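The values are calculated or read from the model by the stated rules, or taken from the named source; none is laboratory data. From a predicted model like this one, the values you see are computed outputs, not experimental measurements. A quick note on method: Cβ atoms are made from the backbone with ideal geometry, for glycine too, and the neighbour counts reach across all protein chains shown. For accessibility, only protein heavy atoms count, side chains too; no ligands or nucleic acids. Shrake-Rupley method; radii C 1.70, N 1.55, O 1.52, S 1.80 Å.
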Amino acid sequence: DSLHTLDLTSNLIWMEGDAFNIFEKLENLEYLYMDDNFLVFDQGLPPQLGTLSKLKRLRLSYNLLGGQLEGSHPILEGLTQLTHLELESNFFNGTFPGETLGRMDQLVYIYMRRNDMQYNLDWLSGGRLTNLFSLWLESQGLTGTIPNDIGLLTNLASLSLTDSRLTGTIPASLGDLTGLRRLWLYGNQLQGEIPETLENLPLLELAEFHNNSLWGDMPQGVCNNVASNAYEHMSLTSDCLNPDTVRCDDSTCCTECF
């Protein structure tokens, strides 16, 4: 019971049923890394994880976990010290636990792409997650608009909302995230112009807007900011092959036109 860190990433471990009981004996565990294994459970997170009340980092991406998160046996709401939550590429479905996550203001990282949950981004309203540094979501079940309150998440440096069904416009409040470095919004149904307020992001080194329904000029300050940051994978993309969409010169501004 003195174990604080357990890292079993990419070990081809098959775990199901009573095998999860081992976690009931690890009540002092703070860091659990079991990405890329064969953890099998079809009713959300295994209930045995609920005993890990001191857990700070939970990484269970690329497993065989499915069902409704926070359904009949809520787990996340009891992990009050959790700062890192990574559950990408599993088989979770039903309703996204936004109400729970929206109250967990200690969260720094949320990686929950490539699941089958249905949700919108209303749980970000109110701007309570002020410690959030990185938010990655991607799902055909993600609908609605990007809330203006996203500009209240002042520590956000990495935002990925890709290949989903988001509509509406890109909120000007994104320009309030002065520490934002990487922004992925491609593959949605966003409309309108790319806000000039994004010129207020001096650290921006990657911004990908392609495969949307945007139009107008790419703000020159966005071009300048991305070009001025010495990032190996610098990228600025948009639907600029058609002059009726985004106007962005692929020789002096955008790195790629679609």
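The table that follows gives values for the structure above.
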read-out: Projected-area average for the stretch 1-79 over all orientations - Cα convex hull basis, square nanometres; value: 4.5
read-out: q = 0.11, 0.16, 0.19, 0.20 Å⁻¹: log10 I(q)/I(0) that the Debye formula gives for the stretch 98-200, counting C-alpha atoms only; value: -0.29, -0.63, -0.93, -1.04
read-out: Area of residue 143 that stays accessible when all protein chains are in place (1.4 Å probe, Å², to 10); value: 50
read-out: Potential extension, residue 191-residue 12 segment - 0.36 nm per residue separation minus Cα distance; value: 60.1 nm
read-out: Per residue, in Å², the accessible surface of the chain once ligands and nucleic acids are set aside, probe 1.4 Å; value: 44
read-out: Hull-based mean projected area of the chain, where the convex hull spans the alpha carbons, in square nanometres; value: 13.5
read-out: Nonlocal amide H pairs with residue 119, under 5 Å, H built at 1.01 Å; value: 142, 143
read-out: Nearest-10 value in Å² for the accessible area of residue 199, using the 1.4 Å probe; value: 70
read-out: Sorted largest first, extent of the stretch 22-143 alpha carbons per principal axis (Å); value: 39, 27, 25
read-out: Two-site label geometry, residue 64 and residue 131: point separation in nm, points 7 Å out along Cα→Cβ; value: 3.5
read-out: Estimated distance in nm for a label pair at residue 118 and residue 213, the labels positioned 7 Å out from Cα along Cα-to-Cβ; value: 2.2
read-out: Relative contact order (percent, whole number), the stretch 22-138, Cα cutoff 8 Å, 6+ residue spacing; value: 21
read-out: Percentage relative contact order, the chain, counting C-alpha pairs under 8 Å, at least six apart; value: 9
read-out: For residue 258, residues with placed amide H under 5 Å, excluding near neighbours; value: 238, 239, 240, 241
read-out: Principal semi-axes in Å for the stretch 138-258 [√(5λ), Cα gyration tensor, largest first]; value: 19, 18, 13
read-out: Helical contribution to [θ] at 222 nm, DSSP H n ≥ 4, -39,500 (n - 2.57), averaged over the chain, rounded to 500; value: -1000 deg cm²/dmol
read-out: Spin-label proximity, residue 241 to the stretch 190-220 - amide N less than 12 Å from point 7 Å beyond Cα toward beta carbon; value: 211
read-out: Note, ³J(HN,Hα) from phi for the stretch 78-84, Karplus 6.51, -1.76, 1.60, rounded to Hz, x at Gly and Pro; value: x, 8, 6, 9, 5, 10, 10
read-out: Potential lengthening between residue 31 and residue 54 on full extension [0.36 nm per residue; Cα-Cα distance subtracted]; value: 7.4 nm
read-out: Interchain or long-range residues, amide H under 5 Å from residue 207's placed H; value: 183, 235, 236, 237
read-out: Hull volume in cubic angstrom per residue (convex hull over the Cα atoms of the stretch 48-94); value: 74
